[in-house]
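**Q** Pasting in a structure now, in structure tokens, and then I'll have a few things to ask.
The values are calculated or read from the model by the stated rules, or taken from the named source; none is laboratory data. Being a predicted model, the structure only gives us computed values, none of them experimental. Counting neighbours? That spans all protein chains shown, and the Cβs are built from the backbone with ideal geometry, glycine included. Side chains included, ligands, DNA and RNA excluded: accessible areas come from the protein's heavy atoms. Shrake-Rupley method; radii C 1.70, N 1.55, O 1.52, S 1.80 Å.
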Amino acid sequence: MSYLSNDFDESNQQNDLGAVIRNGREILFQAFNWESHKHDWWRKLESKVPDMAKSGFTSAWLPPASHSLSPEGYLPQNLYSLNSSYGSEHLLKTLLQKMKQYKVRAMADIVINHRVGTTQGHGGKYNRYDGIPLAWDEHAVTSCTGGLGNRSTGDNFPGVPNIDHSQEFVRKDITAWLQWLRRSVGFQDFRFDFARGYSAKYVKEYIEGAKPIFSVGEYWDSCNYNDHGLDYNQDSHRQRIVNWINGTGQLSTAFDFTTKGILQEAVKGQFWRLRDAQGKPPGVMGFWPSRAVTFLDNHDTGSTQKVILCFTNRDYEYTQHDHFILAGSLAFPSSHIMEGYAYILTHPGIPTVFYDHFYDWGDSTHDQITKLMDVRKHQDIHSRSSITILEAQPNLYSAIIGEKVSMKIGDGSWCPAGREWTLTTCGHRYAVWQK
């Protein structure tokens, strides 16, 4: 099967949910960070679209486009208003049209776990939505966050009314909004924010109703820790993500937070972590690679987020930002970024590149990442490619992927045996060969 370039015809799967997931040749791009709202973002991104397409990204995840009380977009109120701190509705639609022209799909950030009310209702809380579209009353808000709805089907997001997805009128309205984003606004893919906050069965219903080409969920909770740091065995952590994917009817992928947590410790001289007890990759990638969206950093973990962390009893700490922050150091070690990309861009799963690394870290990093993307494309590495892990020592990891690519990361010396291998690209502490 040939590599799915970004000229994939949307009509191929209009009536076939999951065709892109089955094909497995996506490379995603997170097209923002936590500070992007300060920089006329829709206009800035429009200028980047030709390079995004040339580099080989198939889908670009955009920040939340709806009106929000927080400039970052994660405290939504009027979902149908597309005038946000990132720019006007007109500028957004101009960007989406440019992306369509260059055949890079636009991924909408779907923030539907919670919604800020407009007027006070039951208990004196702002749990009504009078005066704006989707003018819900208190029954749309879970009873555990001050509403008159049912109890939440997931974990609570503190400090704001959580939406009760068990209400049929709520699901009908959300589905209609998602269909509007998909059919009228021009978004093609969905990213579901704080997916732990409501049952995965509702994500399944929303995907079936709106028919995005590709979906990914943010099911983020703490990795397993002991008194000395990160546990070697993260099977229970990745199983929880797998369970969520199953709950969506396997229609959605999920961010592989397990791989991120392990990989950013491994590059510090603990590469033994990258082979599990069965000899496979230790993240969701090793359990269910076709549904594992791998990444190094995102807007919550990247360098623009300055937060205080705790991991007492796997509790969460609520910060001035409207996201939950988890145990340990969140940012991927900056001196090991290219080792990280050499890993995820040559391995099974669906890799994601972060805006900061691609555009803010200089031409060298941009070009090194692009070269790794080229190897993935031309050697037809896909989400289900076979992998044989050859070395997983403290200072060295090496593997053969899809039988045509071999790679190593770390300070240890290694090269593949046989004259048929040619060095394709290399950099500080990483090298990739191909046949």
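**Q** Output the number of residues of region 360-415 satisfying the condition of being within 24 Å of the chain's Cα centre (by Cα), among the hydroxyl-bearing types (S, T, Y) and within 23 Å of S55 (Cβ to Cβ).
**A** Residues that pass the stated criteria total 4.
**Q** In addition: I'd like the full set of residues that are open to solvent by 20 Å² or more (accessible area, probe 1.4 Å) and closer than 17 Å to F257 by Cβ, limited to region 195-208.
**A** R196
**Q** What are the pairs, 6+ residues apart or on separate chains, where a residue within region 400-427 that is closer than 18 Å to Q270 by Cβ and at pLDDT 95 or above has its Cβ under 9 Å from a residue that is small (G, A, S) and open to solvent by 20 Å² or more (accessible area, probe 1.4 Å)?
**A** G410/G269; D411/G269
**Q** Here's a follow-up. So, of the residues in region 76-87 that are open to solvent by 40 Å² or more (accessible area, probe 1.4 Å) and either among the hydrophobic types (A, V, I, L, M, F, W, C) or over 22 Å from the mean Cα position of the chain (by Cα) (or both), which turns out to be farthest from D130 (Cα to Cα)?
**A** Only one residue fits best here, namely N83.
**Q** How do the pairs read when you match residues in region 160-172 that are surrounded by 24 or more Cβ atoms within 10 Å (Cβ to Cβ) and among the hydroxyl-bearing types (S, T, Y) with residues anywhere that are in a loop (DSSP other than H, G, I, E, B) and modelled with pLDDT under 95, using Cβ under 8 Å and keeping only pairs 6 or more apart or on different chains?
**A** Correct list of pairs: empty, since none qualify.
**Q** Could you please give the count of residues in region 238-266 that are of a type in the set (F, W, Y) and over 25 Å from P333 (Cβ atoms)?
**A** Qualifying residue count for the region: 1.
**Q** May I ask you to verify whether S364 is outside any strand (DSSP E or B) and not charged (D, E, K, R)? Step through it out loud before you land on a result.
**A** Details: outside any strand (DSSP E or B): yes; not charged (D, E, K, R): yes.
So S364 passes the test.
**Q** Of all residues in region 390-423, how many are out of contact with any Asp or Glu (no Cβ under 9 Å at 6 or more places or on another chain) and either assigned to a loop (DSSP other than H, G, I, E, B) or more than 15 Å from M338 (Cα to Cα) (or both)?
**A** Number satisfying all stated conditions: 21.
**Q** Provide a single number: the residues in region 200-224 that are closer than 23 Å to F157 by Cα and either under 18 Å from the mean Cα position of the chain (by Cα) or not basic (K, R) (or both).
**A** Total meeting the criteria: 17.
**Q** So is D367 more than 21 Å from E265 (Cα to Cα), among the acidic types (D, E) and either surrounded by fewer than 20 Cβ atoms within 10 Å (Cβ to Cβ) or modelled with pLDDT under 95 (or both) or not? Please lay out each step first, then the result.
**A** Numbers: more than 21 Å from E265 (Cα to Cα): yes; among the acidic types (D, E): yes; either surrounded by fewer than 20 Cβ atoms within 10 Å (Cβ to Cβ) or modelled with pLDDT under 95 (or both): yes.
Yes; evaluated as a whole, the condition is true for this residue.
**Q** For region 89-144, which positions are more than 30 Å from V20 (Cα to Cα), under 27 Å from the mean Cα position of the chain (by Cα) and of a type in the set (S, T, N, Q)?
**A** Let us first name the residues in region 89-144 that are more than 30 Å from V20 (Cα to Cα), namely 115-144.
Next cut, under 27 Å from the mean Cα position of the chain (by Cα) only: 115-116, 141-142.
T142 - this is the single residue of region 89-144 that is more than 30 Å from V20 (Cα to Cα), under 27 Å from the mean Cα position of the chain (by Cα) and of a type in the set (S, T, N, Q).
**Q** Contact list please: Cβ distance under 6 Å, first residue in region 73-87 and of a type outside the set (A, V, I, L, M), second residue assigned to a strand (DSSP E or B), pairs at least six apart or on different chains.
**A** The qualifying pairs are P76/S68.
**Q** Scanning region 158-167 for residues that are of a type outside the set (S, T, Y) and in a loop (DSSP other than H, G, I, E, B), which turns out farthest from the chain's Cα centre (by Cα)?
**A** Out of the qualifying residues, it is Q167.
**Q** I've got another one for you. Six or more apart or on different chains, Cβ under 6 Å: which pairs go from a residue in region 22-50 that's under 19 Å from M373 (Cβ atoms) to one that's open to solvent by 30 Å² or more (accessible area, probe 1.4 Å) and hydroxyl-bearing (S, T, Y)? Could you list them?
**A** R25/Y3; V49/Y102
**Q** Consider D315 carefully, then state whether it is over 18 Å from the mean Cα position of the chain (by Cα), at pLDDT below 95, of a type outside the set (S, T, N, Q) and closer than 30 Å to N162 by Cβ. Give the steps one after another, and end with the answer.
**A** Values: over 18 Å from the mean Cα position of the chain (by Cα): yes; at pLDDT below 95: yes; of a type outside the set (S, T, N, Q): yes; closer than 30 Å to N162 by Cβ: yes.
Yes; evaluated as a whole, the condition is true for this residue.
**Q** Return yes when A176 is crowded, with 22+ Cβ neighbours inside 10 Å and among the hydrophobic types (A, V, I, L, M, F, W, C) and no when it is not.
**A** It is false that A176 is crowded, with 22+ Cβ neighbours inside 10 Å and among the hydrophobic types (A, V, I, L, M, F, W, C).
**Q** Quick one: count up the residues across region 117-147 that are open to solvent by 10 Å² or more (accessible area, probe 1.4 Å) and over 26 Å from K204 (Cβ atoms).
**A** 17
**Q** Right, something else. Of all the residues that make up region 121-157, how many are among the aliphatic types (A, V, I, L, M), more than 14 Å from N78 (Cα to Cα) and either part of a loop (DSSP other than H, G, I, E, B) or touching a residue at least 60 places away in the same chain (Cβ under 8 Å) (or both)?
**A** 1
**Q** Given (1) open to solvent by 50 Å² or more (accessible area, probe 1.4 Å); (2) modelled with pLDDT of 95 or more, identify the lone condition not met by M99.
**A** For M99, the exception is condition (1).
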